Amino acid sequence: NVFMALCPVYMGGTFRVLVGVTGSVAALKLPLLVSQLLELPGVEVRVVSTEHAHHFYNPAEISVKVYTDKDEWETCVVRAWESSRPLLFCPAMNTAMWNHPITARQIASLKDFGYVEIPCIAKKLVCGDEGLFVCEVGILVSKPTSEYGRN
Amino acid sequence: NVFMALCPVYMGGTFRVLVGVTGSVAALKLPLLVSQLLELPGVEVRVVSTEHAHHFYNPAEISVKVYTDKDEWETCVVRAWESSRPLLFCPAMNTAMWNHPITARQIASLKDFGYVEIPCIAKKLVCGDEGLFVCEVGILVSKPTSEYGRN
Amino acid sequence: NVFMALCPVYMGGTFRVLVGVTGSVAALKLPLLVSQLLELPGVEVRVVSTEHAHHFYNPAEISVKVYTDKDEWETCVVRAWESSRPLLFCPAMNTAMWNHPITARQIASLKDFGYVEIPCIAKKLVCGDEGLFVCEVGILVSKPTSEYGRN
């Protein structure tokens, strides 16, 4: 239920951001996220998406290349990610899933790998639950450039 | 190779039992289990089943709603299960699988999540092996109402 | 990304080797491995292969029975492998994947189960990377008969 992993890399004057997205209701926000990232100067965006994520957004609404994960490709990208490059992850799930004891362990494992958590915030969910949700798109957009900036 | 997870919840005078079943030979017993559960007074039953489990029983033989797990739905139900509600699991596999060191770890993890194990018993298996098998259907049926009863 | 697991068993005067192969570039070497194993006296070979592995070799080039893993069959074989019988595994991946912290944990788990690692060697990979690769086919062929020999 990790919604998105952002992998920003600063190369040759350009910020290259790979957005990984999985089948969570939070994937509804992908089109907004991509368009806001593209408003930043010198940012290039690519998306890698599980097929389940397509239930929540229309690839035609995304103005950048979307690679679809047929053969666990998304997992492979993460596995092969160079540890020196930043990887930000944003969990998104309802309160019941969040409270399952496996969640804390999974998040601890991801942090242990050196990944950076963008903590989620409580919000009214699509299913009606008061629940945890991915952080605001604004925070997602500001993170890569602020923390891994060009200075 | 967990065969079944029973999730009994007592709501509004009715015992609602969700039976989760996976692709194990033990799934042969599902029709018997469901019919015996339905004989209990005030019990409602629903089934969530992996597609592999359909090799071992005919959904047409089940008189209640069977949700089929296309998109790892069964895993999601368990992940989102409220920890205050009981979840009983019944491992079922042959002796060689049972002896694999990962089995003890997996069962310990499930118990650690607060799930209740219904230990399996040794039986002659379909494959001819003397092996471990899920407990008798009678025990499965009595557990939810006896331990999480209406008193 | 474990490329191959070899499960040699000595029964009734014959060495029976089950080769498990997964979707790694290293699976290119499967036809060579099988033909070299068959040159050894008194060796019988069977292959169990994931569907992804078929991207890297042509089953028609393999002169022995190839079981294809439709329903996680390969995982089941490993799970049900008798712990008294040898299981050799040969990891194969590029350097970035190898450096991921999960790799060491996974290999430690496999060894903890009593499986024998055939360590990989650095090689020029198909993708152009200088990377880690499965050991030479010659080593793979010699291992089963030398360590679990007929003497």
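The values are calculated or read from the model by the stated rules, or taken from the named source; none is laboratory data. Since the structure is predicted, the reported quantities are computational estimates derived from the model, not experimental observations. Methodologically, a virtual Cβ is constructed for each residue, glycine included, from the backbone with ideal geometry; neighbour enumeration extends over all protein chains shown.
Structure notes:
- Checked against the criterion of being out of contact with any Leu (no Cβ under 6 Å at 6 or more places or on another chain), of a type in the set (D, E, K, R), within 14 Å of another protein chain (Cβ to nearest Cβ) and touching a residue at least 60 places away in the same chain (Cβ under 8 Å), the stretch A:24-38 contains not a single residue that satisfies it.
- Any hit, the stretch A:52-61, residues being within 14 Å of chain C (Cβ to nearest Cβ), outside any strand (DSSP E or B), closer than 30 Å to B:W81 by Cα and in contact with a strand residue (DSSP E or B) (Cβ under 8 Å, 6 or more places away or on another chain): no
- Each residue in the stretch A:107-117 was checked for being within 14 Å of chain C (Cβ to nearest Cβ), surrounded by 15 or more Cβ atoms within 10 Å (Cβ to Cβ) and under 22 Å from B:T75 (Cα atoms), and 1 pass.
- Just one residue in the set C:R46, C:R16 is more than 12 Å from every other protein chain (Cβ to nearest Cβ), in contact with a Pro (Cβ under 9 Å, 6 or more places away or on another chain) and in contact (Cβ under 8 Å) with a residue 12 or more places away in the chain; that residue is C:R16.
- Qualifying positions in the stretch B:3-51 - in contact with a Ser or Thr (Cβ under 7 Å, 6 or more places away or on another chain) and assigned to a strand (DSSP E or B): B:F3, B:F15, B:V21, B:E44, B:S49, B:T50
- Residues that are aromatic (F, W, Y) and within 15 Å of the chain's Cα centre (by Cα) were ranked within the stretch B:66-91; the one that is modelled with the lowest pLDDT is B:W81.
- You will find that of A:E51, A:E61, A:E82, the residue that is closer than 17 Å to A:L6 by Cβ and acidic (D, E) is A:E82 and no other.
- A:N94, sole failed condition from (1) crowded, with 21+ Cβ neighbours inside 10 Å; (2) within 15 Å of the chain's Cα centre (by Cα): (2)
- Single residue of the stretch C:76-95 satisfying the filter (free of Cβ contacts under 8 Å to residues at least 24 places away in the same chain and outside any loop (DSSP other than H, G, I, E, B)) that is farthest from the other protein chains (Cβ to nearest Cβ): C:C76
- Residues satisfying the stated conditions in the stretch C:40-90, i.e. in contact with a Lys or Arg (Cβ under 7 Å, 6 or more places away or on another chain) and within 14 Å of C:V9 (Cβ to Cβ): C:E44, C:R46, C:L88
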